[in-house]
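Reading through the structure tokens given below for one structure.
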Amino acid sequence: MIFHDSAVQALDLATPSGIQELIEVHLCGHARPSQLEASDQQLLREFAGKAVPAGITFQQLNELLLVLNQDRVSRAFFDFFFEAENKPLTMGELCKGIIRFKGFAMVCFGNFRFAFGRLSAITELDDLRAELGPCCHSSHEIRDAYAARADKVLDISLIPRDQTWFVGEITGGIVAKELKKFEKYREEHPEIDKDEDVIGLGRH
């Protein structure tokens, strides 16, 4: 799947504050960046000065997470979401991986913070894929699965367009309740069985 996030793409990752927001808010799922101690701010400035031009490795990302007082990520998490292929990530690639994580987090869990806590601790790539379920299947895997399905045995019954509202989750329940009320009313007032208009309404 391909995801986009304009908020991540708008960050200035040449600045320590931009990197902090990228990690704390968009990766770890906090509502806003934290207030760092002066010593941590200095470490973040040093990190930004070195990582922006040289790129970020798996170990360096975990160093950054520790500087920001966040949980580290497993190698399986890093490999799946960042697809680094044993080379340092550029800041653009780091953003792309975080956007990819956020997409999966929203589709699979509906919550970034919960997803980060749950997925970042999984140490095996197969276990991570199993946790994500069908969402992590590639396009060709999905196409192959559909192509391999057996032909259908029974055809569906087509419903006229003007009657499709009867099968809605809400309207269907309402109709069923109204029919029960109508049958009870008929039992209490047997004379309406001779009223063609009322009987016609019940049939419809």
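Just so you know, all these numbers are worked out from the coordinates, no wet-lab data involved. Being a predicted model, the structure only gives us computed values, none of them experimental. Positions of Cβ are backbone-derived with ideal geometry, glycine not excepted, and every protein chain shown enters the neighbour counts.
Going by alpha carbons, how many degrees (0 to 90, nearest 10) lie between the helix axis of 38-54 and the longest principal axis of the chain? It is inclined by approximately 90 degrees. Ordering MET91, MET106 by the number of other Cβ atoms within 10 Å of each residue's own Cβ, fewest first, gives MET106, MET91.
Against the main long axis of the alpha-carbon atoms of the chain, helix 58-67 sits at an angle near 90°. The H on the amide N of THR57, modeled in the peptide plane, is under 5 Å from the matching H of LEU89, each at least 5 residues off or on a different chain.
Do you know the Lys pair count in the chain for C-alpha distances under 23 Å, with sequence separation 8 or more or different chains? Close lysine pairs under the 23 Å cut-off: 7. Placing +1 on the Cβ of every Lys and Arg and -1 on the Cβ of every Asp and Glu, with no other charges, gives segment 6-136 a dipole of roughly 220 debye about its Cα centre. Charge tally around ILE98: other residues with Cβ under 13 Å, Lys/Arg +1 each, Asp/Glu -1 each, net -2. Labels on offer are (1) 1.25; (2) 1.05; (3) 1.30, and the one holding Rg/Rh (Cα atoms, Kirkwood Rh) computed from this structure is (3). Other residues whose C-beta falls under 15 angstrom from the C-beta of GLU141 contribute a net charge of +1, scoring Lys and Arg +1 and Asp and Glu -1. Going from the fewest other Cβ atoms within 10 Å to the most, the residues VAL107, VAL8 appear in the order VAL107, VAL8.
Taking the Cβ of LEU68 as the centre, find all other residues whose Cβ is under 9 Å away and add up their charges (Lys, Arg: +1; Asp, Glu: -1). Combined, the nearby Lys, Arg, Asp and Glu give -2. Between 0 and 90 degrees, the angle of helix 169-188 with respect to the longest Cα principal axis of the chain falls at about 20 degrees.
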